[in-house]
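The values are calculated or read from the model by the stated rules, or taken from the named source; none is laboratory data. For clarity, every value in this text was computed on a predicted model and none was experimentally measured. Cβ: placed from backbone, ideal geometry, glycine included. Neighbour counts: every protein chain shown. Calculation scope for accessible area: heavy atoms of the full protein, side chains included, ligands and nucleic acids excluded. Shrake-Rupley method; radii C 1.70, N 1.55, O 1.52, S 1.80 Å.
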Amino acid sequence: MGVTQDSTRSGHVADVVLRDGSTMRLRPPTESDAAGVLAFFGELSARSLVARFHGHPTVDERLVRPVLDPDWRERGALIGEHEGRIVALASYVRLRDPRSADVAFAVADEFQGRGIGMRLLEQLAAAAGAGGVEEFVADVMTSNNRMLRVFSEAGFEATRSSSAGETEVRLRLAATEKLQMSADERDHVAVAASLRPFFAPATIAVVGASSRRGTIGGELFRNVLRGDFAGAAFPVNRTAEPVAGVQAYTSVRDIPTRIDLGVISVPGPAVLAAAEDALVAGVRALCVISAGFAEVGAEGRERQARLLELVRSHGARMLGPNCLGIAVAAPRLNATFGPRALPPGNVGVSSQSGALGLALLERAGVRGIGLSSFVSIGNKADVSSNDLLEYWEDDPDTGVIVLYLESFGNPRKFARVAQRVARTKPIVAMKAGRTASGARAASSHTAALAGSEAAVDALFHQAGVMRVETLGELLDVTALLAAQPLPRGRNVAVLTNAGGLGILCADACESAGLVLAPLADETQIALRPLLPVEASLANPIDMLGSATATTYEQVIPSVLADPGVDAVIALFVPPVVAGAEEVAAAIVRAVEAAPSHDKPVLASVISGDGTPALLAQSAVTPFAYPESAARALGRVAQRAEWLRRPQGRVPSLTRIDRETARAVVDGARDRWLSDDELRALLSAYEIPLVAERRASTVADTVAAARELGLPAVVKSAVPGAHKTELGAVAVDLRDDDAVRTAAQRIGAPLLVQPFVRGGVELLVGAVQDPVFGPLVAVGPGGTFAELIGDAAFRLAPLTDVDVDELVTAGKVGRLLAGYRGAPPADRDAVADTVLRVGRLVSDIPEIAELDLNPVIAGADGCVAVDARVRTASLDVSRSLKSW
């Protein structure tokens, strides 16, 4: 492809996905591309040349030279290639006003209409904006409707003016919500199109399908046949030996029909040759089962990079490598080497682990959970969980989405996509493993409280993803979502024939945030004739060991009809008077015969023979134990609440001086900020700070205390110091002698502040997670911040809903509301401070840690009385994948 290591490291290489589902790698043109660029211009039609140059230029070296080896200061350029041929070029040149740049595009005639120009514009704008360009200016022939449409649909703020057959278009490159939404919508359409050959192939070839039993490729091909695949399947091996009676081929290119999906299962070193053979034959979807790539070290990572580059050069997509395969219910496709066929249903599953994927398939069948598709993404060199979310969002066969994740490639994109998808389809996720930040030595209160798991929890909470901790819980929650309506609230009625089971379930319900509310008087009146006088009509409803199948069938409809009941959990352990099968059948009959209701019904029928099978095929969701039923219902209730809350918006903030804040950080890289720098940085975002004076002598300290007013606080001014731990702070100093004594003990340099009395002490802080970006924390503050804990985290930028949750929930919410008779604090002032901290760390990612501790919130505002900020250089490495 001509991509040099230097150009890849430049940060301007990007893989893009196009409107038709094909992919392309964009990169800066180098000197070695001169002939290719010349050929590109030479192959353009007269119409395209006129549109690009507004005339008929002489196609020679003078036309090519200005776009080669861009410096990204005065000029930038990107080219797109297909199978080694340059098919698109975009470039900009800075104008006299350095904030503006002239931009122009050209796309090979046969590649027009696929969205290449739009992708070039997106990437070129990002590169130019990073270099200080604020505006693109394009002179477009008024008749060039295609290019004018690109500019109008891109999502940038645009202005137009036309004269003499030309239209001048000016694009503001600043990131806006509209721009992000436009780009996300383009990604959604393109990604879904790119994955269609994986989910709806008409033809499949298995490369490495051996006739020998027990080989991965051979068994995978036999699984395709055993699953009764709706399309045509072809084995490919070195000797063309038939597999399971099906004619084989030595090359995909020899197969007499075009292949939609190619599955490769050959030794790692042979994968590139096998992939190239398939790609040259026109395959646009590859699933690489083979191992020996990034998971084995440096050599494997290099092989994986070359494989991905090969796939991109042909505009294709790839699952894996090092994966279990893919299974899809609609075309009856089982292209995995697992022993169990896909149980059909409405659950889409993505697993980063092949072993866990096998376990999921095994247990899903036992639990009666049907799958619409199962995708093992392995090393996810290309196709990731983000991509699968984009596809499943519009897939009519998928109603519930399950993700097993070990890492995030692009968590911010995941958050946006998941939040959109979760509005219509529930997402259940199990996340294993920790990022390097989890083990990083923490040097601030915020960093000590945070960590990668806090970031994951915040991400899932904001995106509406239900996080589970175990495989059993994942299956429980999925089974409930796949078959039951969401509860309207958290009130649950527990029905049991054994008091002990009811108590266990009640305890589990309380732990899960559920409420066992009293039954309505009408419900109790309806139940009394049906139960013995000794039975308890409190909640849990203990029907006693004498309860029979008829008892369950008669009681359940009245409980479901109770307007104060949002869900029902029915429990049964067999006594001598009734059997598990007959009671299970009675529970099912009662639910199915009850007047129309939209309440979930869960059952735990405990029997030596296991859960009765008929429950799994009914309108009742079975659970092995009462506790697991309660936990699953609690998770689902959280989803119902998330759907009811507003989506939130990122508020606009006034009185922000980003330039000053940027200058402070640029002048203080990789260290703790001094008190002067801190004040300049935080004041630029109008984060409230207590008044203070710096002092270098005891006499200066006393004078400063008198100026600010007694009582005073004296503390160390050493940047980054943990003042309390070092004994470097003295508070409530009421006279000159107390100030003098403290100053002598602590030692210069010193800070003097007025002593702020009363109010609620809070911690407001932020850390930059290396994977997730800025993470904002709010919790109880003061010297016991880490001991008390209960800090809540959200990923920035923060919405108004995020901030409201941070200042109203948990211990912080109770403190601000007025704890134990204390007057309420100014919650709005705290919320504004949190918003400003979130905006600051979003705008300036070099802020690695920020601590405001304590922030003292009173009845009429809040103020930070201590602050610490550490800066760190950014890691400039990034994924080539742009979507």
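If you go through region 649-683 and pick out every residue that is part of a helix (DSSP H, G or I) and not small (Gly, Ala, Ser), you end up with 14.
The single condition among (1) modelled with pLDDT of 95 or more; (2) buried (at least 20 other Cβ atoms within 10 Å of the Cβ); (3) hydrophobic (A, V, I, L, M, F, W, C) that LEU615 does not satisfy is (1). Each residue in region 88-104 was checked for being under 15 Å from PHE151 (Cβ atoms) and surrounded by 23 or more Cβ atoms within 10 Å (Cβ to Cβ), and 4 pass.
Please note which strands (runs of 3 or more DSSP E) are completely contained in region 14-133 and include at least 3 residues that are out of contact with any Ser or Thr (no Cβ under 8 Å at 6 or more places or on another chain). Spell out how you get there, then give the answer.
Values: elements: 14-17, 23-27, 75-82, 85-94, 100-107.
In region 14-133, the matching strands (runs of 3 or more DSSP E) lie at 85-94, 100-107.
Number of residues in region 284-314 that are among the β-branched types (Val, Ile, Thr) and either surrounded by fewer than 17 Cβ atoms within 10 Å (Cβ to Cβ) or more than 30 Å from the chain's Cα centre (by Cα) (or both): the value is 1. Is there a residue being under 25 Å from LEU527 (Cβ atoms), more than 42 Å from the chain's Cα centre (by Cα) and crowded, with 19+ Cβ neighbours inside 10 Å anywhere in region 582-590? Yes, region 582-590 has at least one match.
Evaluate region 269-291: report whether one residue or more is of a type in the set (D, E, K, R) and part of a loop (DSSP other than H, G, I, E, B). So far as region 269-291 goes, yes, one or more of its residues are of a type in the set (D, E, K, R) and part of a loop (DSSP other than H, G, I, E, B). Of the numbered criteria (1) loosely packed, with under 14 Cβ neighbours inside 10 Å; (2) part of a strand (DSSP E or B), the one LEU602 fails is (1). You will find that of PRO529, PRO540, PRO574, the residue that is open to solvent by 60 Å² or more (accessible area, probe 1.4 Å) and of a type outside the set (Val, Ile, Thr) is PRO529 and no other. Under the condition of being open to solvent by less than 10 Å² (accessible area, probe 1.4 Å) and without any contact (Cβ under 8 Å) to a residue 60 or more places away in the chain, the residues counted in region 550-559 number 1.
Looking only at residues that are charged (D, E, K, R) and open to solvent by less than 20 Å² (accessible area, probe 1.4 Å) in region 843-880, which one is farthest from GLY409 (Cα to Cα)?
Residues of region 843-880 charged (D, E, K, R): 843, 846, 849, 851, 860, 866, 868, 870, 875, 878.
Keeping just the survivors that are open to solvent by less than 20 Å² (accessible area, probe 1.4 Å) gives 846, 849, 851, 868.
Details: GLU846: 21, GLU849: 23, ASP851: 28, ARG868: 31 Å.
So, considering only residues that are charged (D, E, K, R) and open to solvent by less than 20 Å² (accessible area, probe 1.4 Å), the one farthest from GLY409 (Cα to Cα) is ARG868.
For a quick check of your reading of the model, give me the residue pairs whose first member lies in region 358-371 and is under 14 Å from SER618 (Cβ atoms) and in contact (Cβ under 8 Å) with a residue 40 or more places away in the chain, whose second is crowded, with 21+ Cβ neighbours inside 10 Å and of a type in the set (Asp, Glu), with beta-carbon atoms closer than 9 Å and at least 6 apart or on different chains. Going by the 9 Å Cβ cut-off, the qualifying pairs are ARG367/ASP476.
What about THR470, is it closer than 30 Å to GLY365 by Cβ and either at pLDDT below 95 or open to solvent by less than 50 Å² (accessible area, probe 1.4 Å) (or both)? Yes; evaluated as a whole, the condition is true for this residue. Considered as a group, the residues in region 642-657 that are without any contact (Cβ under 8 Å) to a residue 24 or more places away in the chain and not basic (Lys, Arg) include one that is farthest from ALA570 (Cα to Cα), and that residue is THR654. Filter region 362-376 down to residues that are buried (at least 24 other Cβ atoms within 10 Å of the Cβ) and either part of a helix (DSSP H, G or I) or under 16 Å from the mean Cα position of the chain (by Cα) (or both), then give me how many there are. Counting residues in region 362-376 that are buried (at least 24 other Cβ atoms within 10 Å of the Cβ) and either part of a helix (DSSP H, G or I) or under 16 Å from the mean Cα position of the chain (by Cα) (or both) gives 1. Is it the case that some residue within region 323-334 is small (Gly, Ala, Ser), assigned to a loop (DSSP other than H, G, I, E, B) and open to solvent by 50 Å² or more (accessible area, probe 1.4 Å)? Within region 323-334 (the criterion being small (Gly, Ala, Ser), assigned to a loop (DSSP other than H, G, I, E, B) and open to solvent by 50 Å² or more (accessible area, probe 1.4 Å)), the answer is yes, since at least one residue qualifies.
Looking only at region 264-280, decide whether some residue is buried (at least 22 other Cβ atoms within 10 Å of the Cβ) and more than 35 Å from the chain's Cα centre (by Cα). No, there is no match, as no residue in region 264-280 is buried (at least 22 other Cβ atoms within 10 Å of the Cβ) and more than 35 Å from the chain's Cα centre (by Cα).
Based on what the data block shows, is ARG85 crowded, with 17+ Cβ neighbours inside 10 Å, under 16 Å from SER22 (Cα atoms) and out of contact with any Asp or Glu (no Cβ under 6 Å at 6 or more places or on another chain)? It is false that ARG85 is crowded, with 17+ Cβ neighbours inside 10 Å, under 16 Å from SER22 (Cα atoms) and out of contact with any Asp or Glu (no Cβ under 6 Å at 6 or more places or on another chain).
Of all the residues in region 387-406, those that are touching a Pro at 6+ places or on another chain (Cβ under 9 Å) and either crowded, with 22+ Cβ neighbours inside 10 Å or modelled with pLDDT under 95 (or both) number 2. Whenever a residue of region 179-197 is open to solvent by 30 Å² or more (accessible area, probe 1.4 Å), its partners that are among the basic types (Lys, Arg), lying with C-beta atoms within less than 7 angstrom and at least six residues away or across chains, give the pairs VAL189/ARG19; PRO197/ARG284.
The conditions of being among the hydroxyl-bearing types (Ser, Thr, Tyr), open to solvent by 60 Å² or more (accessible area, probe 1.4 Å) and either closer than 30 Å to ARG839 by Cβ or in contact (Cβ under 8 Å) with a residue 24 or more places away in the chain (or both) are not met by THR660. Within the option set ASP277, ASP228, ASP260, being in contact (Cβ under 8 Å) with a residue 60 or more places away in the chain, among the acidic types (Asp, Glu) and over 22 Å from GLY21 (Cβ atoms) holds for one residue only, ASP228. Each residue in region 136-166 was checked for being open to solvent by less than 30 Å² (accessible area, probe 1.4 Å) and within 31 Å of the chain's Cα centre (by Cα), and 5 pass. Can you spot a residue in region 523-535 that is assigned to a helix (DSSP H, G or I), more than 22 Å from LEU504 (Cβ to Cβ) and modelled with pLDDT under 95? Within region 523-535, none of the residues are assigned to a helix (DSSP H, G or I), more than 22 Å from LEU504 (Cβ to Cβ) and modelled with pLDDT under 95.
Evaluate region 815-826: report whether one residue or more is surrounded by fewer than 15 Cβ atoms within 10 Å (Cβ to Cβ) and closer than 26 Å to ARG679 by Cα. Looking for residues that are surrounded by fewer than 15 Cβ atoms within 10 Å (Cβ to Cβ) and closer than 26 Å to ARG679 by Cα, one finds none in region 815-826, hence no.
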